[in-house]
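Novice: Below: one structure in structure tokens.
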Amino acid sequence: MTQILIQGLLLSGLYALIAIGFTMIFSVGRVLNLAYGAYLMLGGYTYFWVAQTMHMPKPIGIAAAIGIGALAGVAMHRLIVRPLHSDPVAVEISTLILAVIIQAGIVLVFNDAPKVLHPIVDGVWRVGGATVTFNILTATVASWVILFALYHFVRKTHVGRAISAVSMDIKGAALSGVNPDRINMITWAISGALGAIAGVFFASYTQLSPSMWVSPLIIAVAVVIVGGIGSIIGTLIVAHIIGFMEIISTTLIAAELRGVFTMLLIIVVLVLLPRGLFGRGEL
Amino acid sequence: MTSTINWRHLLLWAVFLGGLALMPQFVTRGTLRTFIFANYLAIFAMSWDVLSGRTGYVSFGHPFLIGIGAYTSAILSYRFHVPVGWSIPIAVATTMIGGTLFFLPALRIRGSYFALVTLAFMELMYQLVQVIRPDLTGGTRGISGVQTLLRGAVNNYYLSLGLMGVIAILLWSMMRTRLGTALSAIGMNEEAVEGSGLNTTKLKLFAFMVGAAVAGIGGAFYVHYLGSIAPRALFDVNFLFTIIVAALLGGASTIIGPMLGAFFLTFLLEYLRPLLPGAERYFIYGLIALLLYMYEPRGLYELFHRGRARIFGGRA
Amino acid sequence: MTFILELEHVVKRFGGLVATNDMTFAVYKGESLGLIGPNGAGKTTIFSLIMGEHKVDSGSIRLHGEELTGLPTHKRIRRGIARTYQVPRPFADMDVLANIEVGLMPDSLIEMLVSPFDHAEGRAIARSVGLAEADLHRDPAELSMGDLRKLELARTLATRPEVMLLDEVFAGLTSGEIAQISGLLKEKRQDGLTYVIVSHDLRSLEPLIDRAIAMTQGTFVCAGSYQEVMNDKAVRMAYLGH
């Protein structure tokens, strides 16, 4: 029981971090970025290269991952989303193609053998029969800190409020002097950076492989669909529903069923409640 | 949009299919295997196009349908020794039932959400196939030693070409009727089709059934050509990508387009093989697909059309 | 005179907003009725409710005395009612003639497969709304706004409606085009067509209608001749604020 509780909390924190960048883009840009999983992959591999191949300090690896992620976000916005005028289906198809290109690119540079990241923080912690690695604990804590910071960024700062305004009403925001295109680009950069940092933690939790982008993408999609779009709080709640569902089904039923309930949840919610559990919120 | 089918069309079909029928005289057995794959890919891409290219309900879960066809026939013939003459029709019928499942979300949602549900269907199938009754599905490893219909590349080539040709001509004739026009109209403005007094639910269901039937036929025959089946090869984003890109690259909402796309892709991959031996080929191939999709969403078909117009003057 | 279309206590809410608040009115057979009201009065919503694009929360909508609520849109069209839209959205990748022919199609899969295209009828309808022969094989994107409205009318007329709901048919047109469309509508009335027209362009609307109904905030205000309605205190209040 304690084990389920602890594992569930840890996994859910990570999932919230994975989903938040994807949610932001959907909320602000009204498009689904199916190459979002590729940010995680880019982040993970960048960290791997800097910290484990070049043996530079870990913080530099994390910083590099964030930089690459943000850069990838801006590039996607400039090169794909803008030329397609944010047409949702066209963006969805192009970003799917892009994800496959990035996957092939990763194979080209790093070959397709899975790679193991050393824990970002070493050590384990034993509580009531459960073993918690400091690594996953750090990931969860970092996830909470990042989400908390993001929440305040959106509420308190000028850029954050502009992002929030664009997500609610593009025309209204434009009329009040916000440049939606610039805000969009900033959001894509933040989304890329969040994806990349989530990727570092996700990879240290599982492993690096060129096909690692699919499952976090599905998780992010599930969170957006089940939570309705946009809200940080909604993302947190749904990430916990999905995280706990996974832990419960793997420990109590069968490990192979890990993703089945997530998929069923997506289908059921989309078919029965197309607006999500919490309706359409704002960021 | 003219409806009359004249001798020129028939001549073009005869030249196209006749030309392909002569291939075994000119190419090696290895290349012929590539052609066989291209034929099946063309069938899958045409199936995707009936459902998604026309009605605009973009399916990201097409391997789900193909997989139902392939698995049903493979399990029936391998585990229960059902003759292939029965297992394939049953597989096609089962795929059509799967198509109805696909159709349910289309009643309520469309656009990007619909694409996501279908993607979820595919991933769900991938996981379920490994977990539920692995004694039947062969679990992660899949099934090998499935009965093959014919031996030899040449025979299999003619079988796949025949299937592709028959499906293409049937779909082409269907698309030239009022029904075909109505299906395309749904993709352009569904409300206006309903507002013209047509039952769009019925039309969409029809498109889904035809798309599923073609996917089922393709999947079932393909598994009896390969002789084996595995979940990762089938319910996979890369496979999905190959199908969608073939249809889009060639030109969605046409019949010849998905076929062109399938051949183009298969040969691109084949010619890149000496340069890039592994999965990296997808890098180049993806880039070409992405650029073409972004700058000429109507695909190669449109490029050819325009090229022809430039040479002969005027638009055909 | 008999009623062809009747609305009785029709209510529609979107969330907390009451878009249609207990509307009751009827349209005589063969008449031309103007539906007027300020922006956001809920005129277009009424059209959507009559066509079944939105479901009514309560109330009754009858055509020829037969209940329409509960029927899907395409069935209502087959009963003899059709609408046009403020913003025409033709089938972009089909030429003008093919666009019109969608309205001529039978609603049966088998018939759609076997029956030939009715090009002659499509041409005749195109001609009757004043589309030039040369336009028939153009893409809709090449048409002027006036011709787009004509195309929309043609596709709608192809379904052989007895009642047509016209939503802002004059929006975005030049005065010459307005005169053309007005002439066309008058001509079609001779053939027995019944109209309900929504328009902001009251000057163009006036000569086309026999009677007007004013509404604001989803609620019926008054009905009568155009002059009567425009002189009504409540209408002046809603429109002009005094």
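Novice: Right, residue A:96: within 19 Å of the chain's Cα centre (by Cα) and within 14 Å of chain B (Cβ to nearest Cβ) or not?
Specialist: yes
Novice: For the subset of the range B:126-141 comprising residues that are more than 7 Å from chain A (Cβ to nearest Cβ) and out of contact with any helix residue (DSSP H, G or I) (no Cβ under 6 Å at 6 or more places or on another chain), which member is surrounded by the fewest Cβ atoms within 10 Å (Cβ to Cβ)?
Specialist: B:135
Novice: Right, next: State the number of residues belonging to the range C:133-180 that are modelled with pLDDT of 90 or more, surrounded by fewer than 18 Cβ atoms within 10 Å (Cβ to Cβ), at negative phi and not in a helix (DSSP H, G or I).
Specialist: 5
Novice: Test each condition in (1) more than 14 Å from every other protein chain (Cβ to nearest Cβ); (2) at pLDDT below 90; (3) surrounded by 15 or more Cβ atoms within 10 Å (Cβ to Cβ) for residue B:78 and report the one that comes out false.
Specialist: (2) is the only condition that residue B:78 fails.
Novice: Name the single residue that is farthest from the other protein chains (Cβ to nearest Cβ) among those in the range B:92-125 being buried (at least 24 other Cβ atoms within 10 Å of the Cβ) and of a type in the set (Ser, Thr, Tyr).
Specialist: Out of the qualifying residues, it is B:95.
Novice: List the number of the failed condition for residue A:211; all other conditions in (1) over 15 Å from the mean Cα position of the chain (by Cα); (2) in a helix (DSSP H, G or I); (3) among the small types (Gly, Ala, Ser); (4) surrounded by fewer than 21 Cβ atoms within 10 Å (Cβ to Cβ) hold.
Specialist: Among (1) over 15 Å from the mean Cα position of the chain (by Cα); (2) in a helix (DSSP H, G or I); (3) among the small types (Gly, Ala, Ser); (4) surrounded by fewer than 21 Cβ atoms within 10 Å (Cβ to Cβ), the lone unmet condition for residue A:211 is (2).
Novice: Any residue in the range C:197-207 that is modelled with pLDDT of 90 or more, of a type in the set (S, T, N, Q) and crowded, with 17+ Cβ neighbours inside 10 Å?
Specialist: no
Novice: Taking the stated definitions as given, is residue C:100 more than 9 Å from chain B (Cβ to nearest Cβ) and crowded, with 19+ Cβ neighbours inside 10 Å?
Specialist: Taking the combined requirement at face value, the residue satisfies it.
Novice: Here's a follow-up. Report whether or not residue C:187 is surrounded by fewer than 16 Cβ atoms within 10 Å (Cβ to Cβ) and touching a strand residue (DSSP E or B) at 6+ places or on another chain (Cβ under 9 Å).
Specialist: Considered against the rule, which asks whether it is surrounded by fewer than 16 Cβ atoms within 10 Å (Cβ to Cβ) and touching a strand residue (DSSP E or B) at 6+ places or on another chain (Cβ under 9 Å), residue C:187 comes out as no.
Novice: Just a yes or no: is a residue in the range A:50-61 within 21 Å of residue A:216 (Cα to Cα) and either touching a Gly at 6+ places or on another chain (Cβ under 9 Å) or free of Cβ contacts under 8 Å to residues at least 60 places away in the same chain (or both)?
Specialist: no
Novice: Any chance you could count how many residues in the range A:61-98 are out of contact with any Leu (no Cβ under 8 Å at 6 or more places or on another chain) and among the hydrophobic types (A, V, I, L, M, F, W, C)?
Specialist: 12
Novice: Taking the options B:51, B:41, name whichever one is aliphatic (A, V, I, L, M) and farther than 24 Å from residue C:93 by Cβ.
Specialist: B:41
Novice: I'd like to check something: does the range C:182-190 contain any residue that is under 15 Å from residue C:124 (Cα atoms) and within 13 Å of another protein chain (Cβ to nearest Cβ)?
Specialist: Within the range C:182-190, none of the residues are under 15 Å from residue C:124 (Cα atoms) and within 13 Å of another protein chain (Cβ to nearest Cβ).
Novice: Right, here's the next one. Collect the residues in the range C:112-130 that are more than 8 Å from chain B (Cβ to nearest Cβ) and without any contact (Cβ under 8 Å) to a residue 12 or more places away in the chain, keeping them in residue-number order.
Specialist: C:120, C:124, C:127
Novice: While we're on this one: Which residues, taken from the range A:111-132, are among the small types (Gly, Ala, Ser), loosely packed, with under 10 Cβ neighbours inside 10 Å and under 23 Å from residue A:199 (Cα atoms)?
Specialist: Hit for the range A:111-132 is A:113, nothing else.
Novice: Condition first: crowded, with 16+ Cβ neighbours inside 10 Å, among the hydrophobic types (A, V, I, L, M, F, W, C) and under 16 Å from the mean Cα position of the chain (by Cα). Now tell me which residues in the range C:61-90 satisfy that.
Specialist: Once the filter is applied, which keeps residues that are crowded, with 16+ Cβ neighbours inside 10 Å, among the hydrophobic types (A, V, I, L, M, F, W, C) and under 16 Å from the mean Cα position of the chain (by Cα), the range C:61-90 yields C:61, C:63, C:77, C:81, C:82.
Novice: Of the conditions (1) under 18 Å from residue A:121 (Cβ atoms); (2) charged (D, E, K, R); (3) within 14 Å of chain B (Cβ to nearest Cβ), residue A:30 fails just one. Which one is it?
Specialist: So residue A:30 meets the others, but not (1).
Novice: If I filter the range A:230-238 for residues that are surrounded by fewer than 22 Cβ atoms within 10 Å (Cβ to Cβ), at pLDDT 90 or above and either part of a helix (DSSP H, G or I) or out of contact with any Ser or Thr (no Cβ under 9 Å at 6 or more places or on another chain) (or both), do I get at least one hit?
Specialist: The answer is no, given that none of the residues of the range A:230-238 is surrounded by fewer than 22 Cβ atoms within 10 Å (Cβ to Cβ), at pLDDT 90 or above and either part of a helix (DSSP H, G or I) or out of contact with any Ser or Thr (no Cβ under 9 Å at 6 or more places or on another chain) (or both).
Novice: Just to verify a result, which residue in the range C:40-91, among those that are polar (S, T, N, Q), touching a residue at least 40 places away in the same chain (Cβ under 8 Å) and assigned to a loop (DSSP other than H, G, I, E, B), is farthest from the other protein chains (Cβ to nearest Cβ)?
Specialist: The residue in question is C:86.
Novice: Right, next: Are any residues in the range B:158-179 within 14 Å of another protein chain (Cβ to nearest Cβ) and either aliphatic (A, V, I, L, M) or assigned to a helix (DSSP H, G or I) (or both), and if so, which ones?
Specialist: B:170, B:171, B:172, B:173, B:174, B:175, B:178, B:179
Novice: While we're looking at this one, here's another question. For the range C:28-60, which positions are surrounded by 22 or more Cβ atoms within 10 Å (Cβ to Cβ) and out of contact with any Lys or Arg (no Cβ under 9 Å at 6 or more places or on another chain)?
Specialist: Correct list: C:41, C:43.
Novice: A further question on this structure: With respect to residue A:131, is the statement that it is away from chain B (no Cβ under 14 Å), part of a helix (DSSP H, G or I) and of a type in the set (Ser, Thr, Tyr) true?
Specialist: No.
Yes/no matrix, rows are residues, columns are (1) assigned to a strand (DSSP E or B); (2) in contact (Cβ under 8 Å) with a residue 40 or more places away in the chain; (3) under 26 Å from residue A:181 (Cβ atoms):
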residue	(1), (2), (3)
A:119	no, yes, no
A:135	no, yes, no
A:149	no, no, yes
A:152	no, no, yes
A:160	no, no, yes
A:164	no, yes, yes
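Novice: Would the range C:152-169 turn up any residue that is farther than 19 Å from residue C:51 by Cβ, more than 12 Å from chain B (Cβ to nearest Cβ) and out of contact with any helix residue (DSSP H, G or I) (no Cβ under 6 Å at 6 or more places or on another chain)?
Specialist: No: the range C:152-169 contains no residue that is farther than 19 Å from residue C:51 by Cβ, more than 12 Å from chain B (Cβ to nearest Cβ) and out of contact with any helix residue (DSSP H, G or I) (no Cβ under 6 Å at 6 or more places or on another chain).
Novice: Would you call residue B:112 in contact with a helix residue (DSSP H, G or I) (Cβ under 7 Å, 6 or more places away or on another chain) and either over 21 Å from residue B:235 (Cα atoms) or modelled with pLDDT of 95 or more (or both)?
Specialist: no
Novice: Here's a follow-up. Could you identify the single residue in A:238, A:221, A:226 that is within 16 Å of the chain's Cα centre (by Cα) and within 10 Å of chain B (Cβ to nearest Cβ)?
Specialist: A:221
Novice: Turning to a different aspect of this structure: Out of A:80, A:4, which single residue is surrounded by fewer than 24 Cβ atoms within 10 Å (Cβ to Cβ), in contact (Cβ under 8 Å) with a residue 24 or more places away in the chain and among the aliphatic types (A, V, I, L, M)?
Specialist: A:4 is the lone residue from the list that is surrounded by fewer than 24 Cβ atoms within 10 Å (Cβ to Cβ), in contact (Cβ under 8 Å) with a residue 24 or more places away in the chain and among the aliphatic types (A, V, I, L, M).
Novice: I need the helices (runs of 4 or more DSSP H) fully contained in the range B:45-157, keeping only those with at least 3 residues that are closer than 27 Å to residue B:32 by Cα.
Specialist: B:62-79, B:84-106
The values are calculated or read from the model by the stated rules, or taken from the named source; none is laboratory data. Computed from a predicted structure; not experimentally measured. So basically every Cβ, Gly included, is an ideal-geometry build from the backbone, and we count neighbours across all protein chains shown.
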